[in-house]
Every structure is written in C-alpha cells, then in structure tokens.
C-alpha cells in the first residue's frame, strides 16, 4: 500500500471538487475552495478521523467496500477509481455490465436534482444512489443487502414492496420488472441468471411471467404512487442511461401546478424532518 501517494491523490481529488459538484451548499464562511475532509467523510459514510488519517498517510489499508464509497464520494472516473484501488493495494472491481461503481455522468446529474425524486439503478434494479426526496417517497434503500437490494427480487418476495402501487397497476409493474431483468440476462450477466434461478425457487408468479419471454427497457412511464401520508401521487418517470446502458437514472416529476406537484412540495418538508440529524 502506497500511503503517501494515496494521501496525495485523495487530497488532490478533494481539492478539485466544489460543494455544488456534490449537491452541497458552499455557505458564507468557507475557508477552502474544495471540499472539507468532514464533507468527504460524510459522503463516503465513514468517520472524519479515519479519512483524516488516510490523508495524513497513517491510516490502515481500506477495505474494497470503503474504497468504493470513497470513489463515489469523490466522483472519480473509472480510471481514477481503479488507480485508487491499486494505491491501496487492492484489485479494482471488473468493469462488468453490473459494476456497482456509479457512473460519474449520472451522479453529476443526480447531485443537481433537489426538488424532485431521483435515483440511480443497476441493471438488476439495485439502488446505487438516491436523493433525499427519493428516500422520502420510496424509502431508504441503502440499508438493504443481498438479493433484497434488487427491486425485482423484492417485488416477488416482499408484499410490502407492492403497497407503493395501486392494486390495478401491480400486474403491469410486475411484468415490466421481469422484462427488464431479461434484458440483463441477455447481456450474459451471471448475477442476473443467479437472480432468475433464485426467483424461480421463491415465486411461482415470477416463474409464470418469465415464461412469456418479454424483453423491454423502459425509457418513460406514467405511474400513480401511494404515499402513506399524502395518498396518491401521479408522476411521470423519465430514464437516462449510462453510456454502456448498465445503469439508469430515474427522475420522477409532476406536472406544473398540479396536485401532485403540491404533494411533492409537502414531501420535501416531510423528508427534511425525517432525515434531519438528531438534535
């Protein structure tokens, strides 16, 4: 592990970012042009002391998971991410179609979306990043692990997942989930095939829909979502894909001056209260 070079690299990437690059406010009493150490630590989900020790070339070897979090926090490109891993004496993750590293181009767009729900998904429907309004509307998916990270898996194994949709629309949503999974399978993804086999064991409904051989990528959709406090919210869903089509940025918007737009405004207030730091 090359601690001095790793420290210099982290500092250089931190200095190169600006608060608005990552969706933060610069404030009025800022003494540095780039990000502060505590801001990078918060974005990466690690302690400030741990990150500080890394920048001072005296920290322990970071885990692969922690390096991935740092790469996302610092908005590293794929080449920069791989370089970070090698400096820490770790093997970079393969650049496969289901690479969990969030596409920097999509992340830059997500950082600027503050007034509408948005999230980035993998080809298996795994939430890779989401903004606060998305968490308030759909729930915080960052806590999920294993197969449950996939929205397709949750749809067919967890009844609570369907409560977000009106009963009349659930069959259509289920078919769309399966059609999207078959797109991932067609890309010869071993993880997608593993998920299919798991769902075939767990869900007879999935097995029946899978037999239809539907294959489709959704670029746009109109849907009604059910919020426990605000009721029905009608939203348009637009999708922006990464260059290799392996990740998708979903943006949910409401028509201007509509009832749904008013509810999103209320949701922003509810979300701020729900995710505010203690105290």
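General remarks:
- Here the condition is being in contact with a strand residue (DSSP E or B) (Cβ under 9 Å, 6 or more places away or on another chain) and touching a residue at least 60 places away in the same chain (Cβ under 8 Å); of 243, 232, it holds for 232 alone.
- Conditions (1) over 29 Å from residue 75 (Cβ atoms); (2) in contact with a strand residue (DSSP E or B) (Cβ under 9 Å, 6 or more places away or on another chain): number failed by residue 140: (1)
- Extreme residue, nearest to residue 227 (Cα to Cα), among residues of region 258-279 that are modelled with pLDDT under 90 and assigned to a loop (DSSP other than H, G, I, E, B): 275
- In region 44-66 there is no residue that is touching a strand residue (DSSP E or B) at 6+ places or on another chain (Cβ under 9 Å) and surrounded by 15 or more Cβ atoms within 10 Å (Cβ to Cβ).
- Test result for residue 194, in a loop (DSSP other than H, G, I, E, B), assigned by TED's automatic domain parsing to the domain that holds residue 162, over 29 Å from residue 108 (Cα atoms) and at pLDDT 85 or above: no
- Residues that are surrounded by fewer than 15 Cβ atoms within 10 Å (Cβ to Cβ) number at least 1 in the following helices (runs of 4 or more DSSP H) confined to region 77-175: 78-87, 104-111.
Yes/no matrix, rows are residues, columns are (1) within 17 Å of the chain's Cα centre (by Cα); (2) farther than 21 Å from residue 112 by Cα; (3) modelled with pLDDT of 90 or more:
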| residue | (1), (2), (3) |
| --- | --- |
| 23 | yes, no, no |
| 33 | no, no, no |
| 36 | no, no, no |
| 39 | no, no, no |
| 43 | yes, no, no |
| 60 | no, yes, no |
| 66 | yes, yes, yes |
| 70 | yes, no, yes |
| 77 | yes, no, no |
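- Filtered residue count, region 79-124, keeping only those that are modelled with pLDDT of 90 or more, within 29 Å of residue 186 (Cα to Cα) and touching a helix residue (DSSP H, G or I) at 6+ places or on another chain (Cβ under 6 Å): 3
- Some residue of region 166-173 being in contact with a helix residue (DSSP H, G or I) (Cβ under 9 Å, 6 or more places away or on another chain) and closer than 17 Å to residue 123 by Cβ: no
- Restricting attention to region 223-249, the residues that are surrounded by fewer than 14 Cβ atoms within 10 Å (Cβ to Cβ) and at pLDDT below 90 total 5.
- Some residue of region 21-37 being under 20 Å from residue 85 (Cα atoms), part of a helix (DSSP H, G or I), in the same structural domain as residue 81 (by TED's automatic domain parsing) and in contact (Cβ under 8 Å) with a residue 12 or more places away in the chain: yes
The values are calculated or read from the model by the stated rules, or taken from the named source; none is laboratory data. Not measured: the values here are computed from a predicted model. Here the Cβ is made from the backbone with ideal geometry for all residues, glycine too, and neighbour counts use every protein chain on show.
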